[in-house]
1. By what distance, in whole Å, do the Cα atoms of region 81-221 stretch along each of the three principal axes, largest value first?
2. Would you calculate the separation in nanometres between label points at ASP169 and ARG35, each defined as 7 Å from the Cα along the Cα-to-beta-carbon direction?
3. Say the dipole of region 24-93 comes from +1 at the beta carbon of Lys and Arg and -1 at that of Asp and Glu; which of ILE81, ILE65, GLY27 then lies farthest toward its positive end?
4. For an R0 of 41 angstrom, estimate the FRET efficiency from the Cβ-Cβ distance between ASP179 and PHE144 and round to the nearest 0.05.
5. Compute the distance in nm between two label points, each set 7 Å from the Cα along the Cα-to-Cβ direction, one at GLU258 and one at THR119.
6. In nm, to one decimal, how far is the VAL153 label point from the ALA9 one, both placed 7 Å along Cα→Cβ?
7. Determine the per residue accessible area of the chain with all protein chains present and a 1.4 angstrom probe, expressed in square angstrom.
8. Distance from the Cα centre of region 190-216 to that of region 155-180, in angstrom?
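The values are calculated or read from the model by the stated rules, or taken from the named source; none is laboratory data. Just so it is clear, the model here is predicted, and its values are computed rather than measured. Every residue, glycine among them, receives a Cβ derived from its backbone with ideal geometry; neighbour counts consider all protein chains shown. SASA here: full protein model, heavy atoms, side chains in, ligands and nucleic acids out. Shrake-Rupley method; radii C 1.70, N 1.55, O 1.52, S 1.80 Å.
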Amino acid sequence: MTKFKDFTAFNEYLGVAKPLDNDIDIGYYDPANMRLKSEPVMIDFYRVSFKINFTDKTTPNAKPITAVFFNSPEMVGGWDIEPSFSGMYLQLSKKIIEENRFLFKNYLDYGLHEALFLTESELNEISTLYSLMIKYYNQDNQNFEVILSYVNVIISLVEAFYKRQFSADPKQYNRIVTDFQQGLKDYYNEPVNRIPTVQYFADKFGLTPNYFGDIIKHFTQKSAIENIHEFVIEKAKEMLEKRSDLNNTEIAYELGFEYPNYFAKFFKKQVNLTPKEYRLQASDKNINLQRM
């Protein structure tokens, strides 16, 4: 598998124009001169593709779509596409992302199969901004602050459009949320050696952690890790109240904490009581109830 470390080598392989800069590359697709089929490759930078009437031949009975696709470092992808599409692309080096992370969102780390499907009006908005951005890019004295501002606006629009997409087909995404909530319950039906993570559930659904997390937050108004922590706390409360056969250290291990001290700090932060204090409080409450 070939790994492309810079825009120049990848653009030559793909068949698009040579980049004008090592940190930002902007251009339009020209399918007539492009490589339309490739074995899996890897790039060492970030890539956003806006593709119009795009057909992926690797998908059975695929119909043309207009969508935004993302590719990030270490992500592997090949392609086999029809030459009838158009569109534009934006490439950003890891350096420029690191130096300007506050301008960017999680979407740059979405997977190739986690596309944003654009409506006609959304495409028009993106295209208008893109034409302005590329005007500055092609000037002799490139104004990167202006270019980055346009990039930020485009990424912000992508964020708004993703929220529209999540809301437009709630059944598809609600299933992920429901399965996630059930998965939390199922997780503790077997012995565990660690508390559940966002990566664990994202892998189960075949999604990138950022895409999975954004779905969960959109529909629950809480991040995926907040959902996980809330579940672990409720599970801990239940065990502290009902599992008198286990001491606090054993409960910590049962929940997947490697270090009991970390469990105590985690519980204290969430509940404002230590596990010992919570257990005593629950015990006193049960005694009072029995006396009534």
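1. Extents along the principal axes: 63, 33, 32 Å.
2. For ASP169 paired with ARG35, the spin-label model returns 3.0 nm.
3. Among ILE81, ILE65, GLY27, the one farthest towards the positive end of the dipole of region 24-93 is ILE65.
4. Computed FRET efficiency for ASP179 and PHE144 comes out at 0.40.
5. Output for this residue pair reads 4.8 nm.
6. 3.5 nm
7. 55 Å²
8. Using only Cα atoms to place each centre, the spacing works out to 17 Å.
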